[in-house]
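What follows draws every value from the coordinates through simple rules; no lab data is involved. What you see is a predicted model, and the numbers here were worked out from it, not measured in a lab. Counting neighbours? That spans all protein chains shown, and the Cβs are built from the backbone with ideal geometry, glycine included.
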Amino acid sequence: MTKRTKSMRAKGKISLSKYFQEFSNGESVAVVRERAVRSSFPERIQGRTGVIDGKRGRSYLVKLSDLNKEKMYIIQPVHLKKIEVQEKAK
């Protein structure tokens with residue numbers, strides 16, 4: 001289950017730096033729903049990681065794998081968090 005409430009200090013606030021963050025193609029991101037902003041993606045992709053594939057207006061195209069299929073979602077940057085992907089050791 002996802003956490004449905006924010007901490008008392010963060011309630012109702014939207015970080016402007018998070019709202020206007022920029023990503024480039026090929027970057028890995030995690031989908032983290034911002035509860036203060038209406039989201040247009042299904043709740044089941046909350047917490048998943050994907051790759052930025054392009055930009056549509058102010059939103060980004062994020063490529064996620066759902067079971068064995070690659071799917072594209074259009075997600076606003078306030079709902080994305082940049083992550084570092086570690087290479088697997090051989």
Query raised in the report: Any idea what the dipole of the range 16-82 comes to, in debye rounded to 20, about its Cα centre with Lys/Arg Cβ at +1 and Asp/Glu Cβ at -1?
Result: 180
**Report entry** Lys pairs, the range 16-82 - Cα-Cα below 15 angstrom, 8 or more residues apart or on other chains
**Finding:** 6
Report summary line: Quick calc: nm separation of the 7 Å Cα→Cβ label points for Arg48 and Met72 -> 1.5
**Report entry** In the range 36-78, the trypsin sites (Lys or Arg not before Pro) that fall in loop regions by DSSP, at most 11 other Cβ within 10 Å
**Finding:** Arg38, Arg58
**Report entry** Label corresponding to Rg/Rh (Cα atoms, Kirkwood Rh) when calculated from the structure given, among [x] 1.09; [y] 0.98; [z] 1.06
**Finding:** [y]
Query raised in the report: With contacts defined as alpha carbon pairs under 8 Å and 6 or more residues apart, what's the relative contact order of the range 16-82 in percent?
Result: 38
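Run the helix sum for the chain: -39,500 (n - 2.57) per DSSP H stretch of 4+ residues, divided by residue count, reported at 222 nm to the nearest 500 deg cm²/dmol. Let's see the in-between values first.
Values: 1 runs with 4 residues, N = 90.
Helix contribution divided over all residues of the chain: -500 deg cm²/dmol.
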